[in-house]
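Presented below is the structure to which this report refers.
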Amino acid sequence: MSPALRAAFGPGATLHGTEPQGAAVPRTALPVRQGTPRHLAAHLDRLQAGAKALGHASPWLPEATEELGYWLKRHAAPEAALRLELRLDLKLLDARLEPLPPPSTPYRLAPLPHPMGDLRPDPLAPHKGLSGPWRPQALAEAWRHGAEDALLLWPDGTLAESAIATVALERAGTLTLPPPEGRVASVAERLDLPAWAEEHGWLLQRAPISLEDCGGGRLWCLNALRGLWPATLP
C-alpha cells in the first residue's frame, strides 16, 4: 500500500488537517487483516469512553463510523494499520491507513522513570491519548540508550508499561501483568490475551512487578497492532 492514506468523518471533516489545540485527543490503533479491521467496534468504544471521560458527548460519532466503514471498504489494503483520533474540538473522526509496523528482533526495553511521574491515581490515564504527548519523548530517550522501546517504571520501581505496549512477565508458567491503574487500558489485553495465554499454557494474573523480578523470567509486550512478542533488557 502507499505510505499513508488519510481521511476525516463527522461534522468537522472540512477542518481536517488542523493541528490539535490541546493535548487530550482520544486515539486508538488497530490492524486491518485480509481487508477487515480487527475489533473495530471495541476500538470505537475506546474512543467514545475517552470522550466521556473528558465530559464530551459525541452524538455524531455513529454516523461518522458508518462513513468510516464505507471508506475502509474502498481503500483498505489486505494488511494495514488503522489509526483513529477523535478530535472533539473539531467534531471529527480522523483516520489514517499506514503499513503495519514490522517486527523488531531483538526488542530491547530500556528501563526509565515514567515521564509523568505516578499516573496511578489519574482517572484519565487508562484512556489512550488523554495523559499528554509524552510517548515520543520516552521513545527517543530509549533510542539514546540503544533500545527499541522504554520500560517505564513508577516511582516505587514497579513496572507500568512500555511507550507503545502493555508489558508482562512470564515466569514458571504464569504471565503477570502490572495492575491496571495508571496504564492505558489495552484492547488486545482484554480481547486477545486470554487466547494467547491458553495457547502458551500460561496462567494470567495481575500484580506489581519489580525490575528485579524481571531477571527470573521472560518479558513480553503486547498491543493491538503487533500482537504478542518477546522483549529483553539491554
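The values are calculated or read from the model by the stated rules, or taken from the named source; none is laboratory data. If you're wondering where the values come from, they're calculated on a predicted model, not measured in any experiment. Glycine also receives a Cβ, built like all others from the backbone with ideal geometry; neighbour counts cover every protein chain displayed.
Worth a mention:
- First in region 22-41 and among the acidic types (D, E), second anywhere and buried (at least 20 other Cβ atoms within 10 Å of the Cβ) and modelled with pLDDT of 90 or more, Cβ under 6 Å, 6 or more apart: none
- Residue satisfying all of: in region 163-183; touching a helix residue (DSSP H, G or I) at 6+ places or on another chain (Cβ under 9 Å) and polar (S, T, N, Q); surrounded by the fewest Cβ atoms within 10 Å (Cβ to Cβ) among these: T176
- Here P99 meets each of (1) free of Cβ contacts under 8 Å to residues at least 24 places away in the same chain; (2) loosely packed, with under 14 Cβ neighbours inside 10 Å with one exception, condition (1).
- Test: A125 is crowded, with 18+ Cβ neighbours inside 10 Å, of a type in the set (G, A, S) and either over 16 Å from N223 (Cβ atoms) or out of contact with any His (no Cβ under 9 Å at 6 or more places or on another chain) (or both): yes
- When we screen L169, L139 for residues that are over 22 Å from A51 (Cα atoms), out of contact with any Phe, Trp or Tyr (no Cβ under 6 Å at 6 or more places or on another chain) and assigned to a strand (DSSP E or B), the only hit is L169.
- Scanning region 52-74 for residues being surrounded by 15 or more Cβ atoms within 10 Å (Cβ to Cβ), more than 15 Å from P26 (Cβ to Cβ) and of a type outside the set (A, V, I, L, M, F, W, C) gives a total of 1.
- If you go through region 133-154 and keep only what is surrounded by fewer than 15 Cβ atoms within 10 Å (Cβ to Cβ) and among the small types (G, A, S), you end up with A140, G146.
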